[in-house]
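A.B. asks: One structure, pasted below without further comment.
Here, each number is a calculation from the coordinates, and none is a lab measurement. From a predicted model like this one, the values you see are computed outputs, not experimental measurements. Cβ placement follows ideal geometry from the backbone for every residue including glycine, while neighbour counts extend to all protein chains displayed.
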Amino acid sequence: MPIQRRAVVFAVLLLSVSLAGAQESMISGVPEGGGLGCGTEFYDDGSQESGVTLNAGNPPATDPNFILGVYFELADFGLTPDDFELIEYCTPDDINFGLNGANTLYVHNDNGAGFPEEPALHSAQITVGMAGGTEILPVVPPVPLSGDFWILNRGTAGQDTASYLLGLDTSGLAGQSYFSTTGLGGVIASGLGNYMIRATTQVASFPVIEVPTLGMWGLVTLLAALADAAVVVLQRRA
Ligand SMILES: [Ca+2]
């Protein structure tokens, strides 16, 4: 990266403005197009205007208490509890922020009170920050979802400290994006926009239970066996 550009990026990071909450910050970079065309459940508009991080300039990518996540409520999408499963999730990487690194996304059930609960149902690594394009994360085999759920970008041991970042849609505010600096129980609604994580679900593929077909001779044999058993019982009682 040219020295001037690196300096601009560094300055942008230092000047990041926290608009809501103490440590949720918007960061800026160079848009390189793209657009998020994936997902069946989402709250963003598909175009990434910015990025969001926590503790701008020193994002705690290794601390699991630091969380950027989307709360997916079934009622918003006409989904029925216990009737669907997650097959994929995705996030954009359409802006060059001049930094690049691994982040880890986690899928959690809601605890019924509007907070994600342990344990994570699925996790996958993404690489964001250099406009690498949409990250699509397949879930194989699909994960059954019993109700409202969350997908979180959460600090994870071993990650690059400077890489904690998530795509941000500032075109609206759906109210389903949350951040935390104190773990799962401390999530707070974002005031910056919609964090860009999308889910793809399908109607659950329940396991098929095989019922053996008896046929005529099988049925006769079964009835004969039951009759024998009845005779034995009667003889014992006599
Ligand atoms: Ca947008």
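A.B. asks: Apply the Karplus curve 6.51 cos²θ - 1.76 cosθ + 1.60, θ = phi - 60°, to the phi angles in segment 142-154 and return the couplings in whole Hz, x for Gly and Pro.
C.D. replies: x, 9, x, 10, 8, x, 4, 9, 10, 10, 10, 8, 10
A.B. asks: Using only the alpha carbons of segment 83-172, what is the convex hull's orientation-averaged projected area in square nanometres?
C.D. replies: Its average projected convex-hull area is 7.0 nm².
A.B. asks: May I ask for the net charge around residue 172, where only other residues with Cβ less than 10 Å from the Cβ of residue 172 are counted and Lys, Arg are +1 while Asp, Glu are -1?
C.D. replies: Neighbourhood net charge equals -3.
A.B. asks: HN-Hα J couplings of segment 121-137 from phi, Karplus 6.51/-1.76/1.60, θ = phi - 60°, integer Hz, Gly and Pro as x?
C.D. replies: So the Karplus estimates, Gly and Pro as x, are 7, 6, 8, 7, 9, 10, 10, 10, x, 10, 6, x, x, 4, 9, 10, 10 Hz.
A.B. asks: Please list, ordered by chain and number, the residues whose modelled amide H lies under 5 Å from the amide H of residue 104; skip anything fewer than 5 residues away on the same chain.
C.D. replies: Here the answer is 126, 154, since their amide H atoms fall under 5 Å of that of residue 104.
A.B. asks: Answer rounded, prolate or oblate for segment 14-212, using the Cα gyration tensor with square roots of eigenvalues a ≥ b ≥ c: rounded when a/c is under 1.5, else prolate when a/b is larger than b/c, else oblate.
C.D. replies: Note, shape of segment 14-212 comes out prolate.
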